[in-house]
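Bear in mind these aren't lab numbers, they're just calculated from the coordinates by the rules spelled out. Note that the structure is predicted; figures quoted are calculated from it, not measured. Quick reminder, even Gly has a Cβ in these numbers, built from the backbone with ideal geometry, and neighbours come from all protein chains shown.
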Amino acid sequence: MRTIFSEEHEQFREQVRRFCEKEVVPHIRQWERDGVTPKSFWRMAGGNGILCTTIPEQYGGPGGDFLHACVVTEELARIGLSTGIPVHSDMVSPYLLHYGSEELKQRFLPRLCRGEIIGSIGMTEPGTGSDLKNIKTTAVRDGDEWVINGQKTWITNGINCGVVLLACKTDPAAGARGVSLIAVEADAPGFTKSARPLEKIGLHAQDTAELFFDNVRVPASNLLGEQNKGFIYLMEQLPQERLVIALRSAMVLETQLEASVRYTGERKVFGNSILSFQNSKFKLAEAKAYCGMLRVYIDDLVRQHVQQRISVEQAACAKLVATELMGKYLDELLQLHGGYGYSAEYGIGRAWVDARVARIAGGASEVLKDIISRQWHGLL
Ligand SMILES: Cc1cc2nc3c(=O)[nH]c(=O)nc-3n(C[C@H](O)[C@H](O)[C@H](O)COP(=O)(O)OP(=O)(O)OC[C@H]3O[C@@H](n4cnc5c(N)ncnc54)[C@H](O)[C@@H]3O)c2cc1C
């Protein structure tokens, strides 16, 4: 029994689940073949109140809370859809809401909520990912405009995006204190995208692209918040983003565990079900025990986060534990499926390969361990 969601959240869950079963599940395999989720899906998701759930009604959003966002995350995880909705709804729109001027909010949020435009966040570059303060993309002020030059890679929703929130150096000599966030619209002259989504080993329905900026001019008012405060804004939002990844990981693992119990109970080997072997029962029992522990832990952090935002360290612990456990146990569940586990037709194989990136993006496990260990720096 989970206690963090109210009856109203559970009703919303039913609504999201119905939407997923009807409008998403029948198309996932095609979207995976296409390497992108079509824009028509985004508009439909917006029309059904599934995008940008935490954005207030005055900006065209459903006016929900963080738990509504959690519901969407979990239901998408349950069906194994790998869209960039978390980036669009849980990163781009909150950045605009928290740091954007009233004009930027009015300009972008209603269209993001309706799914008319899709949002991306551009931090990573070919030369730097984990070490964000070393980005090379620059934004130089020229009168009433910013002039942007540089390149970004691995950008989720990159092909489809109508607006990207770009991490740029506005004071290249100042390291982390010289980073700003600037909104760049896709039709800005000089802004181009890679011709096709990057070819990835998983997350095939999620478009991931390279973005290029060649003397791109945007109004000075496209700056989010204050100049050179971008790194601080990114750090402020990271705990929630990492908690969402942890939540998704817990749901993926739970879903695949249930499916694996069913599969091993049905499939006969040497005249008996796979589940009848002691090894299978022990593997499944162990996964169930750890899933239960993970669920209680993550739900408690979600509850704390709703009351008072969790710390950077708490979020690092949550993402580390959830993504590492997911990786370990999905691998063991796949093993119990034999050759069918390696088939793209079965959810476990796709979940296994999709899960791998969770230990890299949003803070690699090693970076998270470094964050957690910082509290002991005084003892060194
Ligand atoms: C599918 C996908 C989607 C993505 N979407 C986006 C997006 O929308 N926007 C965006 O900006 N980026 C995105 N990224 C990029 C992602 O955030 C980076 O890949 C991630 O930050 C790691 O950076 P990197 O790939 O440059 O690896 P590197 O920084 O080169 O790190 C490589 C490895 O070095 C080790 N390492 C790094 N730092 C340390 C340390 N301090 N201590 C010990 N070991 C360390 C770790 O093992 C790490 O995995 C995405 C990536 C993928 C794969």
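Projected onto the charge dipole of the chain (+1 at Lys/Arg Cβ, -1 at Asp/Glu Cβ, origin at the Cα centre), which of Pro56, Leu247, Met91 gives the Cα projection farthest towards the positive end? About the Cα centre, the residue reaching furthest to the positive side is Leu247.
Give the distance, in whole Å, between the Cα centre of the range 282-296 and the Cα centre of the range 163-202. If you average the Cα positions of each part, the centres end up 40 Å apart. In summary, the aspartates and glutamates within cross-link reach of Lys169, defined as a Cα separation below 17 angstrom excluding same-chain residues under 8 places away, comprise Glu125, Asp131, Asp142, Glu145, Asp214, Glu226. Note on the range 7-118: the alpha carbon radius of gyration divided by the globular reference 2.2 N^0.38 Å gives 1.03.
By DSSP, the beta bridges lying fully in the chain are antiparallel in about 85 percent of cases. Packing-based ranking of 324-335, 76-87, 7-18, 266-277 yields 76-87, 324-335, 7-18, 266-277, ordered from highest to lowest mean Cβ neighbour count within 10 Å. Considering only Ile155, Trp352, Ser194, and ranking their Cα positions along the charge dipole of the chain that arises from unit charges at the beta-carbon of Lys, Arg, Asp and Glu, the one farthest toward the positive end is Trp352. Extents of the range 166-251, taken as max minus min of Cα coordinates on every principal axis and listed largest first, are 41, 33, 22 Å. Please enumerate, by chain and number, the lysines with C-alpha under 17 Å from the C-alpha of Lys268, excluding those fewer than 8 residues away in the same chain. Here the lysines satisfying the reach criterion relative to Lys268 are Lys281. Considering the chain, its Cα convex hull presents a mean projected area of 20.1 nm². Measuring nothing but how far apart in sequence close Cα pairs (under 8 Å, 6+ apart) lie, relative to its length, the range 7-118 scores a relative contact order of 35 percent. Across all C-alpha atoms in the range 120-228, the radius of gyration and Dmax reach 13.4, 44 Å. When you restrict to C-alpha pairs under 8 Å that are six or more residues apart and normalise by the size of the range 232-379, the relative contact order lands at 33 percent. Compared with the dominant principal axis of the Cα atoms in the chain, helix 312-336 is inclined by about 40°. On full extension, the segment bounded by Glu199 and Tyr340 gains 48.4 nm, given 0.36 nm per residue less the C-alpha separation. Alpha-carbon geometry of the range 65-178: the Rg and the Dmax are 15.6, 49 Å, given in that order. Rounded to the nearest 10 degrees, the inclination of helix 230-266 to the longest alpha-carbon principal axis of the chain is 20 degrees. What angle, in degrees between 0 and 90 and rounded to the nearest 10, separates the Cα long axis of helix 66-79 from the longest principal axis of the Cα atoms of the chain? Compared with the principal axis, the helix lies near 50 degrees.
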